């Protein structure tokens, strides 16, 4: 048993999502979104480096010495998998570990709307799950892919850095490819995937122009492509994709995206006040012919209004999703107000006026 495994056991026991170990500090856990120090001594560089390198693959350790930054996955059988990032900082080595549950939760268990499961049954197109780091994008995508794995008879290829949730082949066959280990880059893996007879391709992160272009191309040639972006809502997601391309290509990309994009799910995480844990508020954009036309014509600023008036098509605004969680008494009025875009809608639920609480 590696020395650092004791901290992973503590993560499990406290329900922490992340472990931070940084030279010059004691270990810190993120529990329900808040940072909590562990009652342990301050870690120095040499001690922490030895602890970290005990679980680090040899090739990754060599790369870390060269670059000062690496990602990989670590697993304790029967406990959990962890996404690890090692990096150098002023006081020495540091690392952050994100817990990845061994059991893949269903859409129902996550408390997400049933329309999310329908994304797994699309025959082709591009589906994006967006939100800030740590908003549960990977967890949602894992639930959708798991649903497809149970109900479809297809070939699923995932491309990740590193591999997070591990899917056992059920009605589908599932191949997991890790960037840096199994393939050079997301773009290289996507190019290869098109020759590997895929039906569904999951791209762990659409980071750059080439990856985004190849994902759109794969979706436009009859594949179902799932991907993630670090954007806050549906309209900004569409704008982000188009804006990454040179100006002379944007009209063509806009037209292609209008035809291939099927849905955008934008997530924001909240602490639950009724039970231990967190829950997600979702903004869901399903691409109807009307939405397609707005994307094609460059009128993405009208998308929030379309979402608001298209509940019959399974769409929901972030504000309506937050309001639903608030009415269920799953989240606090203060956090609802803090994370909403239309804050006025939630001010009435606060025990004190926003000015007095310093939230205005």
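The values are calculated or read from the model by the stated rules, or taken from the named source; none is laboratory data. Nothing here was measured: the structure is a model prediction, and the numbers come from that model. Virtual Cβ from ideal backbone geometry, glycine too; neighbours counted across all protein chains shown.
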The strands (runs of 3 or more DSSP E) lying entirely within the stretch 1-48 that contain at least 3 residues which are loosely packed, with under 13 Cβ neighbours inside 10 Å are 34-37
Practice task
Determine if the stretch 346-360 includes at least one residue that is over 20 Å from residue 238 (Cβ atoms) and touching a strand residue (DSSP E or B) at 6+ places or on another chain (Cβ under 7 Å).
Solution key: no
For the stretch 335-351 the number of residues that are in a helix (DSSP H, G or I), surrounded by fewer than 19 Cβ atoms within 10 Å (Cβ to Cβ) and free of Cβ contacts under 8 Å to residues at least 40 places away in the same chain is 4
If you check residue 202 against the conditions, is it closer than 24 Å to residue 113 by Cα, surrounded by 18 or more Cβ atoms within 10 Å (Cβ to Cβ) and in contact with a helix residue (DSSP H, G or I) (Cβ under 7 Å, 6 or more places away or on another chain)?
yes
Notebook entry, point to check: In the stretch 198-218, is there at least one residue being in a helix (DSSP H, G or I), in contact with a strand residue (DSSP E or B) (Cβ under 6 Å, 6 or more places away or on another chain) and farther than 27 Å from residue 308 by Cα?
Noted result: yes
Reported set for the stretch 242-275 where residues are over 24 Å from residue 117 (Cα atoms) and in contact with a helix residue (DSSP H, G or I) (Cβ under 8 Å, 6 or more places away or on another chain) is 242, 243, 244, 245, 250, 253, 254, 255, 256
Residue 190 vs (1) outside any helix (DSSP H, G or I); (2) touching a strand residue (DSSP E or B) at 6+ places or on another chain (Cβ under 9 Å): all pass except (1)
Worksheet item: Does residue 93 qualify as being in contact with a strand residue (DSSP E or B) (Cβ under 8 Å, 6 or more places away or on another chain) and closer than 30 Å to residue 272 by Cα?
Response: no
With criteria (1) in a helix (DSSP H, G or I); (2) touching a helix residue (DSSP H, G or I) at 6+ places or on another chain (Cβ under 8 Å); (3) within 22 Å of residue 337 (Cβ to Cβ), residue 236 comes up short on (2)
(Q) When you scan the stretch 63-84, do you find a residue that is more than 24 Å from residue 182 (Cβ to Cβ) and outside the structural domain of residue 164 (by TED's automatic domain parsing), even just one? (A) yes
Expected output for the stretch 101-130 (first residue assigned by TED's automatic domain parsing to the domain that holds residue 167 and modelled with pLDDT of 95 or more, partner surrounded by fewer than 15 Cβ atoms within 10 Å (Cβ to Cβ) and assigned to a loop (DSSP other than H, G, I, E, B), Cβ below 7 Å, 6+ apart or cross-chain) is 124/222
- Please verify whether the stretch 65-86 includes one or more residues that are within 30 Å of residue 223 (Cα to Cα) and not in a strand (DSSP E or B). no
All-but-one check, residue 226 against (1) crowded, with 18+ Cβ neighbours inside 10 Å; (2) in a loop (DSSP other than H, G, I, E, B), failing number (2)
Heads up, the strands (runs of 3 or more DSSP E) in the stretch 121-179 (entirely inside) with at least 3 residues that are surrounded by 22 or more Cβ atoms within 10 Å (Cβ to Cβ) are 125-130, 155-160
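Here is a yes/no grid of residues against (1) under 17 Å from the mean Cα position of the chain (by Cα); (2) closer than 14 Å to residue 201 by Cα:
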| position | (1), (2) |
| --- | --- |
| 126 | yes, yes |
| 132 | yes, no |
| 178 | yes, yes |
| 189 | no, yes |
The residue from 296, 329, 278 that alone is more than 20 Å from residue 238 (Cα to Cα), surrounded by 14 or more Cβ atoms within 10 Å (Cβ to Cβ) and in contact (Cβ under 8 Å) with a residue 24 or more places away in the chain is 278
